[in-house]
Structures are given as structure tokens and as C-alpha cells.
1. Having 3 or more residues that are farther than 29 Å from residue 151 by Cβ is the bar; report the strands (runs of 3 or more DSSP E) wholly within the stretch 169-264 that clear it.
2. Residues of the stretch 152-165 being surrounded by fewer than 19 Cβ atoms within 10 Å (Cβ to Cβ) and in contact (Cβ under 8 Å) with a residue 40 or more places away in the chain, which ones?
3. Of all residues in the stretch 352-372 being in a loop (DSSP other than H, G, I, E, B) and within 20 Å of residue 306 (Cα to Cα), which is farthest from the chain's Cα centre (by Cα)?
4. Quick test for you: out of 188, 251, 276, pick the one residue that is under 37 Å from the mean Cα position of the chain (by Cα), surrounded by 20 or more Cβ atoms within 10 Å (Cβ to Cβ), under 30 Å from residue 87 (Cβ atoms) and modelled with pLDDT under 90.
5. Taking only the stretch 133-164 into account, find how many residues are in a loop (DSSP other than H, G, I, E, B), in contact with a helix residue (DSSP H, G or I) (Cβ under 7 Å, 6 or more places away or on another chain) and closer than 16 Å to residue 74 by Cβ.
6. So residue 282 passes all but one of these: (1) more than 30 Å from residue 359 (Cα to Cα); (2) modelled with pLDDT under 85. Which condition number does it fail?
7. Look at residue 86 and say whether it is touching a helix residue (DSSP H, G or I) at 6+ places or on another chain (Cβ under 6 Å) and either part of a strand (DSSP E or B) or surrounded by 15 or more Cβ atoms within 10 Å (Cβ to Cβ) (or both).
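The values are calculated or read from the model by the stated rules, or taken from the named source; none is laboratory data. Worth saying up front: this structure is predicted, and the values here are computed from it rather than measured. Glycine gets a Cβ as well: all are built from the backbone with ideal geometry, and neighbour counts include every protein chain shown.
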């Protein structure tokens, strides 16, 4: 794919561009004009590009080849090789945002099985709550980008869909492809500062009073110690207003009469706000790390959506985000009044953010290039100061929230005992106290337990101080990652043991998404280098085992109580460690239920044995030439709660107990009675290698052969899928019983990976072809070839063949045609009880009549 951009200052310029333009697949159109002025431009687009998908919106400024443009229009034309465009639009209303979500994203919701890696969304309603707008695609893997339209000098904002200019609407174009690679990120350079204040008077976007004082007076008090503050300085300090649905950064734009301030966003009366400081330095180093990675694998097209408030405070120099991004790829896009961005947690509308999305139809490896982003010299000391301020404010906010929850659990004025003295983190007691508290948002709680597996080695090599410092570094890394502004996660960190950090998370994210997010975070921790404090050159990689616990599962099922989250997180972590997984979630911890079920089965099978309710059913098998029943296979059954249960429900479990040999002996007893009752009976016994190794079972087998006139009437079936290891030992055992008159069959042949040469050395009389290679032989030509070759090989060695799972006439016809000796399956007869077996018809089966 590729994209071309054009900036035109007149309708004549646009017509000249369109007249020579190859028809694009997608057109993005951005302009600083009202609806009436825009109509002429759009009509021209429709005339020259009627087959293109055309979307756009009004914007105070556009971004053309990395440079802000206020006048004219910007056109971005994209061409794809392997992408199908799916587009839609709908009316939106703040009170019916979820309805709009259902309608707008209906094409994506209908393509559940298809790959839709990216979508562009443009909306014309500043009051829209983006979590509600994206509510129907919350679990989607699609990465959304785009933003909200806006003009300072006109209320006649719009969005474009094809040839329609719409107000209070949203438009969407989804990119469907399994060959589209997407990179996206967001940069929000802000620090929360100061106490909470309340909006007490506002008219439209004009803020009049904060805490009953003139707005200008409040800004001057905090920013100029009472002296008058320049509006350019005020541009760097927004007021942050946060609800459960939306976070708004309202930026001062200009002074008004009577001490008021014109703000970029309206704020509701009574809203609690805080100062937010905008500055590029806090994130410049992190930005470079991300952009250098993007630079080395540049996308084929790069679109940017930048907040209009950043235009007020960000100077376009060599280190501005726009300039840095422009080094990666030609940069085109627009300024917005809110930027849509999909993080690992959710999709939402950000404030004062720069977001980008990179699209490519070729793999990252094929786009690789060497080099890095070029910047002016960075003042690391200034960046460190801002980072210090940011982390201190985050720590204070988290600790204040945690201590609020703990206040009612202690009468002590001192809180020192709630902290770990070595790392400064809150401790295990603080976590347990919070888990025992009752809150309205309890159902949103998730606890993740990070354990450093190589902590002991670090202790031994570097000492306890270094190990403790690494734990503190881990907690800081987790705080920084989870504290990203665009994630908006409510979390707190605790040291719960010498080598464990716990993160308590309160979020509306679905549990599976929390699990996935924490999994990625854990992988990033293991890939991130940490350093010792004594020698900065000593790089250490942490090895983790991580347990994640949620109160509710994905289906709403209660998994555990809030006060048990730490216990369940620890159980999940232990399971991750034991199974060599990095992470494990308590929603997948069904071991306790399985253990209860297992115990119940053991009790029920023992009771059935005691009550003589364990017995064999017999499944007849037939001669493929005559169609007559020539024998039956003894299959174990248990009567439990009045129902006859097959072995699939309990046999694997029972094999681990002393009940298994008792069941085998029970089957032997019944088969012995059948042989004596009917001297013409031929029976097959299923035996495992375990049967031959168990003393009592082997003793019972020997007694069975001594007491019964076998003489070729018993076939011992040994399961091939159990992967026989000691062929010499099993051969000697089998030889003993063959001398006593038994025949040997290899059961389930084709289901395992046993040594064919060794199997043949056992010289079986019958090779039973497993159902896995018979089941679909009527529709799979390759399986027909395989079975035909196995059958021919067996016959060439003097071994007869028997096919299991003959479930329809077509399968039977193919096997008869191949010359397989014996057939067995539900099409011919289901397993039957002993009474029915004694009366079983010896005449040819009706399904063989057609072969006469």
C-alpha cells in the first residue's frame, strides 16, 4: 500500500490535483471551513473520485507532510493491494451512545471471523463519551484511530461520509485484511499537579469561577504567586475533569471580561478539577525509544491525529513530536478536539494527546532499515526533574487512596507499619486490609502477583541490598507502564514478600482482557534489562512467575471473594511456576473442581464395584466376507445412579487407583463365565501395559487361562496408543499367554507413534485400525491411501486387520472393497449387555446383503 497527500488553498488547485489523480481506494479530507463552504469541495471530490471511500471532518488545523496548515484543505489518498474497505455512518447522541456504537460498528461485529486490524473513526459531537461509543467493540482486536471534529470560530462543524456532510454523526471505515500490519501509539505529555478544585460558575466555554473565585485570579495565584500570568503560560496548564466515562483536559485559550477564561472544552458546574501541566520533556526519552523502533521498521503509510490544545503549547522544533515522527515517514493527518486511541486496556478519546497509526501490507522484516531518529541535545536533568515530579504525584495519589481505605481499620496516627522500609512500597498488611474493606467497585478488582524466580541467585551473587533494589525497580517499572495517561488505570502496588510485588487493579476491563494485558506486561518485564545499583554495567533480566486473580470470570461467574484475591493469585502463580508458564489466571484454575469430581467418581466406582454394578458390555465384530458375527469385544461399563456409564467418564482416573485392577479382574470373571456357557464364543479383552505390570492382575490372568478352555477363543488387545516402551519384556509376557491359547491384537493402530518394526516383532494375529483413521475415510482420499497401504502391509506379513468406528454404509463399502478382514462399529452393532449377547443373531448382517 501507499498514500499520497495534497494541500490545496483554492478550488482550482484541488480540481487540478483531482483531474490527474489515479482513483484512490480511500480519501481522507480535512478542512477549516463550515458546511456551506465545504460543499463545493466535496462535490468536486464526488465528481472525480466516485468509487473511492471518502471520509473527513472539519478541523481547526490539518497536518500536511509534517507541517500544521490552517487555511485550505488537506487530502490524503491511500491505495491498497490486499485490503477491503468496510464503511458506515450513524447519528450520535450523548444519551444514546451505545445505540450509536451498535449501528456504527455493525459491519465489524458481523465480521467476527475476519481480520479487521484497523479502523478510522471520525465524530462530530464534542459531548460524546467515547467509552460508550466504542462499547460494542470493547473486546475487538481492531485498533481504532481518528478523533472529534471542531472549529473555534464556527458551530457548524461536520463529518464527511461519501457525498454527505453530516452534523452530530460518526463515520467509520474498517480495513479488512489478514495481510495488514498495524503500529499505533499515543503521547500525552502531562503531569497532574495540586489539589482538587470545584467549578462554581461557567457559561458555555467561558470559565467564570473556581471555588467561588474569578478564574483568572485562581490561575494567577497558582502560576504567578498572585501576579498576572501570560496566556501562553496558561496554555501549558489545563484543568483536568474525570468521570467514569471520560477524561477531559480543558485548556485556557484566552482571557475574557470580568476575570473569566475561554477554555477549549466546557466543564460542568460542580465538577472537581485539577491542574495538568503539559510539557514535552517528561516523555521525550520514552518517545525516542518507541520512535526509533518505528524508524527501523517504517510503515508504508503514517496518519496522525493531534490534539488542538497541543498547537497552543508545543513549539514546532527539532524535538517536537510532529518533527520526530516526520523522520519515520511522510506524516499526514489532522488536529482534533479529542483523539481516539486503542490501548491494551480499551479504546477511548484522549485529551492533549498526539496519536498515530502506521499501516503496511508487507512484513516488518521486509521494511527493516538501519539508523535512528535525529534530535537536538536533550537536557536529561530537566527530564529527570519532570519524571521525579510525575512519579511523586502518582505515589502520593495512590497512597492517599490506599490509606483512605485503611483509615477505618486502625486507630493509630502513625502509618509507618503499613510500608516496607526497604522499597517504600505499601506492605502485605496494607494489601490485606484493603482487600477486607467493602467498596461499591469490588466487582472490578483484580490482583496480579509478580514473583521473581531468580531472586535467590541475585541475592547470592549481588547481595540483599541489590536484590531489594531490583524489586523496587520492578515496582517502578510496573507503575510507569500502568500509569500511562491513556490507560487511565486505577491501581496500587504492594510488596507482599521478599521477592513478590502485588498490583491491585480496579477496572471495567473484562477479565480476559486484564489477563491478556498482564500477560503482555509480564513478557515486557522479562525482556526489559534491569541494572544493579553498585555497577550500572551489570545488566540483569528478571525471570517471573505471575498469578492473576479476578473476583468474577468472563461469564460473570463468581470465582472468589475480594478478601481471597491474594490466596487465589498465589494459587494461580504456583500453577504458572509448576507448569512453566509465565502467567496463569484463577479463572482457569479448575483443579479444585476437578479434584472434587475425581473424588466423587472414585467413591461412585468403588460403590458400584461393591454392589456388583461394574460389568462388561460386548460389542460384536463381523467377518467382512460373510457378514456374520465372529466375536465380541468386552468393554467395561458401570451402573451409577441408575445409568449405565461408559469408560470415557472414569477409566483414566481409575487407572491411578487400586480400583483399576479390581475392575480388570471383574471383567475376566464375567468373560470366563461366558466362555463356559457358550463353547463357541470368541471374546476380545482390552488390556493395557499396566495390567501386565500389576501383580494381582497378572495373577488373575494366569488363573483365567488355567481355568478356561481358551484355544484361540480369547484375543488379548494391547493398546498401541500407550506407546509400548519395553518390547522385550512385553513380548515374553505375551508369549506366555499365546502358548496358553490366546491370540494377540494391537489395538488403536494409527493413533500413536510406536515403533512399527518393534510392533511387528510382537507378531500380532490382528491389527485393529484406530477410529481416527477410519472415521472420515469416506470423504478423505488421503486416508483411503493410508489405510489401503496399512492393510496390504499387514496381509503381506500374515496379520489380519480389523477396522473400528464403522459408522455408516459408505465407510463399510470402502473397507470391504479394500479387503479388511473384520469390521466393528455402531453401523453394525452398538455394545450390548450380556443377555443380548447370549441371544445375538448369528445370521449375516443385513448391510452385507448388497455384496451377494
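1. Hits in the stretch 169-264: 181-187, 190-203.
2. Passing the criteria: 152, 154, 156, 162, 163, 164.
3. Restricting to residues being in a loop (DSSP other than H, G, I, E, B) and within 20 Å of residue 306 (Cα to Cα), the top hit is 352.
4. 188
5. 1
6. All conditions are met except number (1).
7. Yes; evaluated as a whole, the condition is true for this residue.
Here's the yes/no breakdown for (1) in contact (Cβ under 8 Å) with a residue 24 or more places away in the chain; (2) in the same structural domain as residue 567 (by TED's automatic domain parsing); (3) part of a strand (DSSP E or B); (4) crowded, with 21+ Cβ neighbours inside 10 Å:
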site: 449; (1), (2), (3), (4): yes, yes, yes, yes
site: 457; (1), (2), (3), (4): no, yes, no, no
site: 461; (1), (2), (3), (4): no, yes, no, no
site: 481; (1), (2), (3), (4): yes, yes, no, no
site: 501; (1), (2), (3), (4): yes, yes, yes, yes
site: 508; (1), (2), (3), (4): yes, yes, no, no
